[in-house]
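Asker: Sharing a structure below in structure tokens format, with a few things to ask.
The values are calculated or read from the model by the stated rules, or taken from the named source; none is laboratory data. Owing to the predicted nature of the structure, the values given are computational and were not obtained by experimental measurement. In this analysis, Cβ positions are derived from the backbone assuming ideal geometry, glycine residues included, and neighbour counts consider all displayed protein chains.
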Amino acid sequence: MTRHPMPAAPMLALTTFVLTTLVACGGGRHGPTVAAISSSAGAVGGSHDASRVSALHSAAQCIRTHGVPSYQDPVLTSDGHVYTDSRSIEDFIAASGGDRSSEDAALTQLRNACGTLLVAAGFQPDDEAPAPPQLVQAGVKAAQCMRAHGLPDYRDPTSSTPFTPGHGFGITADELPNNGAAGKSDPTFQHAITSCRTELDAEIEASDLSSLAHD
């Protein structure tokens, strides 16, 4: 989930589940995860990195060609972390019709076309590397502001807090007034969003793929 706008928790859980199936033909959760890649990729460089970037581009190009034209190339950092344009695939799923059969058909199209390339590139679109320090710092400043403007349960993010590239960290119902009963329409939440717009925008900017590439 992103801080603003804030999608419902059930939709995020469903999105995470169906994205996992995207690489099922290449081993799915049994294939290389971003966490595993991050622990080993930082030890290599040069032509190996160039090959990895090329593989990431090929996988992204396949995704763009087969239904997600806005999908951006994943970025590979100097220490081997991979960050992906997960929101574009979430939007692709949401636009597929809204029911499970439509989502399954859309994902089957991507899986059949791109599964091998995703495995070769060593990433899964629903996995993200840990949030880098600059993003965490921006998120902490935004959280401090939100607490100061009526949301006392708004927690500071850490490197393991889920985030969506280009959209910032997530927020859970228990951080919102009345356990999120009114969602993002809650007046207190809206006041905090307005008051902390500068801090939230800085967090979002720090989560952009172009910023993550230089962390």
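Asker: Which of the residues belonging to the stretch 162-178 are in a loop (DSSP other than H, G, I, E, B) and either within 9 Å of the chain's Cα centre (by Cα) or at pLDDT 95 or above (or both)?
Answerer: PRO162, PRO165, GLY166, HIS167
Asker: A further question follows. From the list ALA192, ALA131, pick out the single residue that is touching a helix residue (DSSP H, G or I) at 6+ places or on another chain (Cβ under 9 Å), surrounded by 14 or more Cβ atoms within 10 Å (Cβ to Cβ), among the aliphatic types (A, V, I, L, M) and farther than 16 Å from THR84 by Cα.
Answerer: On inspection, the qualifying residue turns out to be ALA192.
Asker: Going through GLY98, GLY80 one at a time, which residue ends up being at pLDDT below 90, of a type outside the set (A, V, I, L, M) and buried (at least 16 other Cβ atoms within 10 Å of the Cβ)?
Answerer: GLY80
Asker: SER211 fails exactly one of the following numbered conditions: (1) closer than 24 Å to ASP49 by Cα; (2) not in a helix (DSSP H, G or I). What is the number of that condition?
Answerer: The one condition SER211 does not meet is (2).
Asker: Take the residues of the stretch 27-56 that are crowded, with 17+ Cβ neighbours inside 10 Å and modelled with pLDDT of 50 or more: which is farthest from ASP215 (Cα to Cα)?
Answerer: Ranking the qualifying residues of the stretch 27-56, first place goes to ALA55.
Asker: Is it fair to say THR65 is crowded, with 17+ Cβ neighbours inside 10 Å and either closer than 27 Å to GLN134 by Cβ or not aliphatic (A, V, I, L, M) (or both)?
Answerer: So THR65 does not fit the description; no.
Asker: So, GLU128, is that one touching a residue at least 24 places away in the same chain (Cβ under 8 Å), part of a loop (DSSP other than H, G, I, E, B), closer than 30 Å to SER195 by Cβ and not aliphatic (A, V, I, L, M) or not?
Answerer: It is true that GLU128 is touching a residue at least 24 places away in the same chain (Cβ under 8 Å), part of a loop (DSSP other than H, G, I, E, B), closer than 30 Å to SER195 by Cβ and not aliphatic (A, V, I, L, M).
Asker: Take the residues in the stretch 138-153 that are under 21 Å from the mean Cα position of the chain (by Cα) and free of Cβ contacts under 8 Å to residues at least 24 places away in the same chain, then tell me which one is nearest to PHE189 (Cα to Cα).
Answerer: Looking at residues that are under 21 Å from the mean Cα position of the chain (by Cα) and free of Cβ contacts under 8 Å to residues at least 24 places away in the same chain, I get ALA143.
Asker: Shifting gears a bit: Quick one: would you say ALA181 is small (Gly, Ala, Ser) and over 30 Å from TYR71 (Cβ atoms)?
Answerer: yes
Asker: Next question. Scan ALA59, ALA13, ALA106, ALA24 and give me the residue that is over 19 Å from LEU212 (Cβ atoms) and at pLDDT 50 or above.
Answerer: ALA106
Asker: Could you list, in sequence order, all residues of the stretch 179-189 that are touching a helix residue (DSSP H, G or I) at 6+ places or on another chain (Cβ under 6 Å) and in a helix (DSSP H, G or I)?
Answerer: The answer is ASN179, GLY180, THR188.
Asker: Kindly list the number of the only condition in (1) closer than 28 Å to ASP215 by Cα; (2) surrounded by fewer than 22 Cβ atoms within 10 Å (Cβ to Cβ); (3) in contact (Cβ under 8 Å) with a residue 60 or more places away in the chain; (4) in contact with a Ser or Thr (Cβ under 8 Å, 6 or more places away or on another chain) that fails for VAL119.
Answerer: Condition not satisfied by VAL119: (4).
Asker: Separate question: Give the number of residues within the stretch 134-151 that are surrounded by 22 or more Cβ atoms within 10 Å (Cβ to Cβ) and assigned to a loop (DSSP other than H, G, I, E, B).
Answerer: 1
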